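The values are calculated or read from the model by the stated rules, or taken from the named source; none is laboratory data. For clarity, every value in this text was computed on a predicted model and none was experimentally measured. Cβ placement follows ideal geometry from the backbone for every residue including glycine, while neighbour counts extend to all protein chains displayed. When the accessible area is computed, the model is the full protein with side chains, heavy atoms only, and any ligands, DNA or RNA have been set aside. Shrake-Rupley method; radii C 1.70, N 1.55, O 1.52, S 1.80 Å.
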Amino acid sequence: MLICLCIFFKDFYADYSSYYETKKDFRSSQQNIYNIIYQLCILANSSVYNNIRILLSSVSINNQLISLNQFNREMNQTLDNFQTKTINTFTQTLDLIRTSMQGNAFVTLLETNWQFVIIEEQNTIFSTIPVVYNNTDKNSTICSCATSRNCIEPARLFADNGTAIYTMEGFVLGCYFLETVLHTSLSCLYSISCINEFRQAYVSLPNAVENDDPALNISFNSKITRFNVEDTIEILASQMFIESWTSNISYERYFNSCAPNYCTYTYYYRFDAFDILTTFLSIFSGLSVGLRFIVPHLVEIFTKIRNHFRIAPTLIA
C-alpha cells in the first residue's frame, strides 16, 4: 500500500522537490535541535536527582550488626542496582516516547516526516505523503518515515536555488527532531577546524551575520570525557550523559546510627585428634583424683550403715 502511495504522488512530489528540499536545511532545524539536547540534559539530571532522593530516604533494617566487609558488599550491590535501574528507567521512558511518536504518526511543524499536499485546489483538499530520506549509512539508500523512525541523512546547508553547499560532520536530519538529535554526533565540536569550516560556509549564505565572539573559537576537549568523540547523542543519553558515579560509604556512620545496646558473638572451633585426646586424659585424670578422695569416705559410710543394720546372734541356754 505504501508503495502504491509513493507511485501515486511521484510526479506531484517532483514538482515540489526543491521547496521541500530547503526544509532540510540545517538552519531551519538547528534551534529545535539545540533545545532538545538541552531538554534531554535537564530531564536526565532531574531523573538522577529524584532517584537519589528516593534512595536516601530508604531504610536498611537488620536484626543484628553486620560486619564491615558485609556492609561494603551490600552497599556496593545496592548502588550498582540503583545505577542500573535509574539508567534503564530513563532509556525505557525515552524509547516509549519515540515509539509513541512513530506509532501515532505525529506531523512535525516543519513537515520533516509527513508533507501536506493539495489534491484539489478548488475544494482545498489536503493529503499527506511520507518524507523520504537517503540513509547514507544503511545498505538501502531510500528510507520512508511512514515505515521507520530511523530515517536520517547528513545535515546540509542549501543555497536559495536548493543546491547543497556544505555537509555538516556528525549532524543529521531525520523524521522527528528527537530522532535527529539522538542520531547526531558532536564530533565536529571537538575540532576547531571543523567549526571554522562550518562558520565559513554559514556566513557565505545570503542574509547571514558573522559572529566574532571569541567563545566560538573554543572546541570540546576529548580528554575530559569517557565517551568516544564519534558517539551519537543516543549513546550519551543511554548513559544519561553521566561521566562517572561517585559515592560515599561510611561504616562508622552506619555503626553510630544503629547504636547497639550490646554485642554478642559466637566462636566456632573444630577439635582435632590431639585436642580430643588431651581433653579425654584431662577428664580421666580429674575423675581419678576425685575418686581418690571420695571412695574412702563412701566405703566408711557404707560400713557404718551395714554395721547399724547388722543382726547380732543370740545365744539360747
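Odds and ends about this structure:
- Any chance Arg53 is loosely packed, with under 11 Cβ neighbours inside 10 Å and assigned to a helix (DSSP H, G or I): yes
- Checklist (1) surrounded by fewer than 19 Cβ atoms within 10 Å (Cβ to Cβ); (2) touching a Pro at 6+ places or on another chain (Cβ under 7 Å) applied to Met168, failing item: (1)
- Residues of the range 140-167 satisfying the condition of being under 16 Å from Ile233 (Cα atoms) and not in a loop (DSSP other than H, G, I, E, B): Ile152, Glu153, Pro154, Ala155
- Being at pLDDT 90 or above, closer than 16 Å to Ile249 by Cβ and surrounded by fewer than 11 Cβ atoms within 10 Å (Cβ to Cβ) is a description that does not apply to Asn76.
- Selected residue (criterion: modelled with the highest pLDDT) from residues of the range 116-140 that are of a type in the set (Ser, Thr, Tyr) and open to solvent by less than 90 Å² (accessible area, probe 1.4 Å): Tyr133
- Qualifying residues in the range 230-267 (those that are free of Cβ contacts under 8 Å to residues at least 60 places away in the same chain, assigned to a loop (DSSP other than H, G, I, E, B) and open to solvent by less than 100 Å² (accessible area, probe 1.4 Å)) - the one nearest to Cys41 (Cα to Cα): Glu243
- Matching residues in the range 19-34 - criterion: being open to solvent by less than 70 Å² (accessible area, probe 1.4 Å) and either assigned to a helix (DSSP H, G or I) or at pLDDT below 80 (or both): Tyr20, Glu21, Thr22, Lys23, Lys24, Phe26, Ser28, Ser29, Gln30, Asn32, Ile33
- Selection status of Leu157, in contact with a Lys or Arg (Cβ under 8 Å, 6 or more places away or on another chain), modelled with pLDDT of 85 or more and either open to solvent by less than 10 Å² (accessible area, probe 1.4 Å) or on the phi > 0 side of the Ramachandran plot (or both): yes
- Residue check, Asn104 at negative phi and either open to solvent by 70 Å² or more (accessible area, probe 1.4 Å) or of a type in the set (Asp, Glu) (or both): yes
Yes/no matrix, rows are residues, columns are (1) assigned to a loop (DSSP other than H, G, I, E, B); (2) exposed (fewer than 13 other Cβ atoms within 10 Å of the Cβ); (3) modelled with pLDDT under 90; (4) not basic (Lys, Arg):
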position: Glu179; (1), (2), (3), (4): no, no, no, yes
position: Cys188; (1), (2), (3), (4): no, no, yes, yes
position: Ser193; (1), (2), (3), (4): no, yes, yes, yes
position: Glu197; (1), (2), (3), (4): no, no, yes, yes
position: Pro206; (1), (2), (3), (4): yes, yes, yes, yes
position: Glu210; (1), (2), (3), (4): yes, yes, yes, yes
